[in-house]
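Here the structure is laid out as structure tokens; the discussion comes afterwards.
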Amino acid sequence: MILGPSGSGKSKLLRAILGETKYKGTISTNASRIVYCPQTAWLFTGTIRQNICGLEVDTFDEAWYKSVLHACVLDEMVLDLSNGSNTLVEGQSSGLSGGQKQRLNIARALYHRPQLLLFDDVLSALDVKTEIQIMTKLFRRDGLLSQLGATVLLGTHSTRWGSITDNVITLDGSGNVAKYSKTPDLQAEDLPTEFDLRRSVDLNFIQTIFDGLSGGENSQAIAASNGRLSETQAPSEACIADIPQHESDSRDYLYYFKSIRWPSCLLRLSEASSGSITIDGIELSNIEHYTLRERLLTVPQDVFLIQHTIRYNLDPLAQYTDAQLIAALQKVHLWSLLPPLNSLNIIAPSNFFSQGQKQLFGLARVIFRASHREGAGGILLLDEATSNIDRETDEMMQRIIREVFRGYTILVVAHRLDSIMDSERIVVLEKGRIVGVGSPGELLGRERAFAGLYGGG
């Protein structure tokens, strides 16, 4: 296990093993089949089976394929589809949740029987229950990895699985190898070796920051409001009471992957097929798309940056002063990562921000927008915004959100539940339908779906 906080260089260390980044010293391995599973899942347009097994038909191993599906908790999902493994996935725009994409990525890595398997924080997109299922099926004594005899390097910010690993390398926030342990108790010896691993994860530069919104795991999603819904906002609750999960279409993949996700409906990225969404008595279908997306503040699961300056990525319309932009970056602790001279005008290289740091960048975007809006309050939508960050950074984000967005109604989509346990109301969704509504304490006591997600049971 390679353990470290967001931005510590876990990804860069794994890519150094692949020979995809420059480093000093030597790296040696006897493995001839090395498979890398990135933090940001990648899919191509093709069937589920093709995305896992590749396009070669002659080499398909059905028995091994079924074992991989089971280990990655994909077998039931595939069985629910009318075309099964032949269901079409439309690449990155498939409509799958982050967790579903990541499970397909893990399945692809396992199917090809690697000798050395590099997992780059692949657990962050999974809810606790699914994470435990996959890790148990992979790492137990009779698990899939034992059958393979593979060596696994797991980069993560979570200490949950330290007890089942043979070795733990701990990186500090500066990219130094701070500790090394051969025992599961994480008691470590200090090492003199240092690496500058802070610039860790490739960025995908895209033009819009609204693409890629997803509502967590398709089968189970949590929506939480940290602010109290007013009486005029109450009708918006009804619009998600019965979300159509199956659409009549000639292409079977729409039945599952293109289910309506209510966060996208709020921004009118998807139009609800029935019902209505009302905020303060105004139906969203009567509001222009641009106006709606300008008024609702959003931090998506995948924060996208474009190939341009830091300034442009924060403020593409040039509406704010340098001081305002700097204040937002300082608030999320990113300003100190930038070069001291002309910081806002640098074009950050593709590996400048880690995945977790991108989430902080997305938070900075909405901070200065909120601080310079007319009137008090509003709606903030956090769509899996903390799924790729360590616990310490998560706690920092929560403090910032409570400070800056006091008086806001905050809607949170999450599969990591620690950060929403102080919410006033939680809505539990399962297969597109509400299965529980109440306070965290009430739901833990009576709702099996919520208690299972929280405790992993």
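The values are calculated or read from the model by the stated rules, or taken from the named source; none is laboratory data. Bear in mind the structure is a predicted one, so any value in this text is a computation, not a measurement. Neighbour counts run over all protein chains shown; Cβ positions are idealised from the backbone, glycine included.
Looking only at segment 16-35, which residues are surrounded by 15 or more Cβ atoms within 10 Å (Cβ to Cβ) and either out of contact with any Pro (no Cβ under 9 Å at 6 or more places or on another chain) or on the phi > 0 side of the Ramachandran plot (or both)? Explain how you work it out, then say what you get.
Initially, segment 16-35 is screened for residues surrounded by 15 or more Cβ atoms within 10 Å (Cβ to Cβ), giving 16-17, 21, 23, 34-35.
Correct list: Ala16, Ile17, Thr21, Tyr23.
Scan segment 318-350 for residues that are farther than 17 Å from Phe304 by Cα and in contact with a Ser or Thr (Cβ under 6 Å, 6 or more places away or on another chain) and jot them down.
Asn345
Which one of these is at positive phi and either of a type in the set (Ser, Thr, Tyr) or buried (at least 18 other Cβ atoms within 10 Å of the Cβ) (or both): Val68, Val73, Val89? Explain how you work it out, then say what you get.
On the way: Val68 fails: at positive phi; Val89 fails: at positive phi.
Step by step, each of Val68, Val73, Val89 is checked, and only Val73 is at positive phi and either of a type in the set (Ser, Thr, Tyr) or buried (at least 18 other Cβ atoms within 10 Å of the Cβ) (or both).
Of all residues in segment 376-406, which are assigned to a helix (DSSP H, G or I), touching a Ser or Thr at 6+ places or on another chain (Cβ under 9 Å) and modelled with pLDDT of 80 or more? Break it down into steps so the answer makes sense when it comes.
Going through segment 376-406, the residues assigned to a helix (DSSP H, G or I) turn out to be 391-404.
If we keep only those that are touching a Ser or Thr at 6+ places or on another chain (Cβ under 9 Å) as well, we get 391-395, 397-398, 404.
If the condition is that a residue be assigned to a helix (DSSP H, G or I), touching a Ser or Thr at 6+ places or on another chain (Cβ under 9 Å) and modelled with pLDDT of 80 or more, then Thr393, Asp394, Glu395, Met397, Gln398, Val404 are the ones that fit.
Determine whether Val78 is in contact with a Gly (Cβ under 6 Å, 6 or more places away or on another chain) and modelled with pLDDT of 80 or more. Break it down into steps so the answer makes sense when it comes.
On the way: in contact with a Gly (Cβ under 6 Å, 6 or more places away or on another chain): yes; modelled with pLDDT of 80 or more: yes.
The answer is yes for Val78.
When the residues of segment 126-146 are narrowed to those that are of a type in the set (S, T, N, Q) and in contact (Cβ under 8 Å) with a residue 24 or more places away in the chain, which ends up surrounded by the most Cβ atoms within 10 Å (Cβ to Cβ)?
The first filter runs over segment 126-146 and keeps only residues of a type in the set (S, T, N, Q), leaving 130, 133, 136, 146.
Subset that is in contact (Cβ under 8 Å) with a residue 24 or more places away in the chain: 130, 133.
Numbers: Thr130: 23, Gln133: 17.
So, considering only residues that are of a type in the set (S, T, N, Q) and in contact (Cβ under 8 Å) with a residue 24 or more places away in the chain, the one surrounded by the most Cβ atoms within 10 Å (Cβ to Cβ) is Thr130.
Before we move on, is Leu363 more than 23 Å from the chain's Cα centre (by Cα) and at pLDDT 75 or above? Before the answer, list the steps.
Details: more than 23 Å from the chain's Cα centre (by Cα): no; at pLDDT 75 or above: yes.
So Leu363 does not fit the description; no.
What pairs can you find where one residue is in segment 396-424 and on the phi > 0 side of the Ramachandran plot, the other is modelled with pLDDT of 80 or more and of a type outside the set (S, T, N, Q), and their Cβ atoms are less than 9 Å apart, with a gap of 6+ or different chains?
Pairs found: Gly407/Gly378.
At pLDDT 80 or above, in the same structural domain as Arg391 (by TED's automatic domain parsing) and surrounded by fewer than 14 Cβ atoms within 10 Å (Cβ to Cβ) - does that describe any residue in segment 441-448?
No, segment 441-448 has no match at all.
Can you tell me which residue within segment 30-46, out of those that are of a type in the set (Ser, Thr, Tyr) and out of contact with any strand residue (DSSP E or B) (no Cβ under 6 Å at 6 or more places or on another chain), is farthest from Tyr111 (Cα to Cα)? Can you show your working first?
First, pick out the residues of segment 30-46 that are of a type in the set (Ser, Thr, Tyr): 32, 36, 40, 45.
Then drop every residue that is not out of contact with any strand residue (DSSP E or B) (no Cβ under 6 Å at 6 or more places or on another chain), which leaves 32, 40.
On the way: Ser32: 16, Thr40: 19 Å.
Applying the filter and picking the extreme gives Thr40.
Pull up segment 149-160, narrow it to residues that are surrounded by fewer than 19 Cβ atoms within 10 Å (Cβ to Cβ) and at pLDDT below 85, then point me to the one that is farthest from Ile2 (Cα to Cα).
Among those residues, the one meeting the criterion is Arg160.
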